[in-house]
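Here's the structure we're looking at; comments come further down.
Read the figures in this text as sums done on the coordinates, not as results from a lab. Since we're looking at a predicted model, the values are computed, not measured. For neighbour counting, all protein chains shown are included, and Cβ atoms are generated from backbone atoms with ideal geometry for every residue, glycine included.
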Amino acid sequence: MMPLLLRKKLVSFKVETGVILGIVLFLLILPGVAVASIPDIDSLISGEVSAGNSGDGIYYTGNSPEDNTYAWGNCTYWVFIMRKNDGHPISNTWGNAADWALNAQLQGYKVDQSPAAGAIMQTANSAGGLGHVAYVTKVDPATGSWTISEMNAKGLNVVSERTFTVLDAQKYNFIHYKEAP
């Protein structure tokens, strides 16, 4: 018969071994599950939007420029990336979205109520006074409707899109490319 102390240590060893094996298996399986959930592996490799659907949006796993000092996962973070990627970078010192139209104007950007592809849609009347910004991806010339790409409307770091009517434009500011001096 095995002494009681030895039996307890053996049981304890078996439990600890089982826990460790469970953790190791979890860590080995998790990357495979993450990769399997990616709808387009080419997007992940190229650093574009990808990886994981979150409701009506996509969780962003792409790269961020080193000079993007806006808070990760927020609307300002996303618009900074979009403008940098389209070849029309903006300042990283405009603050909260509510302040963007004024700060952009002070730096020589055209600001009006006319949506255009590549412009930044801005409002101060959301997010508890912090405002919201989004990137205008297209404007339908026939109807005047416009579509935005935005982050943090459906969740932190989630990219989604919405389309607005021509009449909605009067409710927003649009920050266009910097005016030539």
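Annotations for the structure displayed:
- Amide H partners (placed H, <5 Å) of residue 145, local residues excluded: 140, 166
- Added length on full extension, which subtracts the Cα-Cα distance from 0.36 nm per residue, residue 143 to residue 99: 12.9 nm
- Taking 0.36 nm per residue of separation and subtracting the Cα-Cα distance, full extension of the segment from residue 177 to residue 63 would add 38.7 nm.
- Here the Karplus relation 6.51 cos²θ - 1.76 cosθ + 1.60, evaluated at θ = phi - 60°, turns the backbone of the range 141-155 into coupling constants of x, 6, 10, x, 5, 9, 10, 10, 10, 9, 10, 6, 8, 9, x Hz, with x for every Gly and Pro.
- Taken along the Cα-to-beta-carbon direction at a fixed 7 Å, the label points for residue 166 and residue 116 span 1.8 nm.
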